[in-house]
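Asker: Have a look at this one before I ask anything.
The values are calculated or read from the model by the stated rules, or taken from the named source; none is laboratory data. Predicted model, so just to flag it, every value in this text is computed and none were measured. Neighbour counts are summed over all protein chains in view; Cβ atoms, including those assigned to glycine, are modelled from backbone coordinates with ideal geometry. Just so you know, the surface numbers come from the protein's heavy atoms only, side chains and all, with ligands and any DNA or RNA stripped out. Shrake-Rupley method; radii C 1.70, N 1.55, O 1.52, S 1.80 Å.
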Amino acid sequence: MTPEERAADIVKEFEGCQLVAYLCPAGVPTIGWGHTDNVKLGWECTQMEADCMLRDDLREASKGI
C-alpha cells in the first residue's frame with residue numbers, strides 16, 4: 001500500500017462521504033470526503049469523483065508537510 005493510499009484510508013476511517021453538498025458543522029459547504037474548495041450547496045458528485053477529490057486534497061495538503 002502506498003503512503004497516499006494509507007492516508008486516504010485514514011481519512012475514510014474518520015470522515016464520512018456525502019455525494020450531495022451540505023453544510024458542515026462549521027457552516028462550510030462540503031462534499032465527498034470533506035472537500036470544501038469552491039463547493040456550492042446542491043452540487044452532486046459520484047463516488048469516483050469524491051475519491052479523486054480526496055486524493056487531490058491529500059496531495060495538496062502534503063505540500064505543507
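Asker: Loop sites only, by DSSP: take the trypsin sites (Lys or Arg not before Pro) in the chain that have at most 15 other C-beta atoms within 10 Å and name the longest stretch containing none of them.
Answerer: Answer from the scan: 1-39.
Asker: In whole percent, how big is the carbon plus sulfur part of the accessible area of the chain, probe 1.4 Å, protein atoms only? Can you show the working numbers first?
Answerer: Values: 2710 of 4740 Å².
Answer for the chain: carbon and sulfur cover 57 percent of the accessible area.
Asker: May I ask you to give the solvent-accessible area per residue for the chain, in square angstrom, as obtained with a 1.4 angstrom probe?
Answerer: Accessible area per residue: 73 Å².
Asker: Here's something else I'd like to know. Report the relative contact order of the chain, percent, no decimals, based on alpha-carbon pairs under 8 angstrom and at least 6 residues apart.
Answerer: Taking the mean separation of contacting Cα pairs over the length of the chain, I get 29 percent.
Asker: Let me ask another. Which net charge results when you count Lys and Arg as +1 and Asp and Glu as -1 among the other residues whose beta-carbon is under 12 Å from that of residue 49?
Answerer: Charge balance in the 12 Å sphere: -2.
Asker: What is the sum of charges around residue 26, taking Lys and Arg as +1, Asp and Glu as -1, for the other residues whose C-beta is under 15 Å from the C-beta of residue 26?
Answerer: That sum, taken over residues with Cβ under 15 Å, equals -2.
Asker: Starting from the Cα gyration tensor of the chain, multiply each eigenvalue by 5, take the square root, and state the resulting semi-axes largest first in whole Å.
Answerer: So the three semi-axes of the chain are 20, 12, 11 Å.
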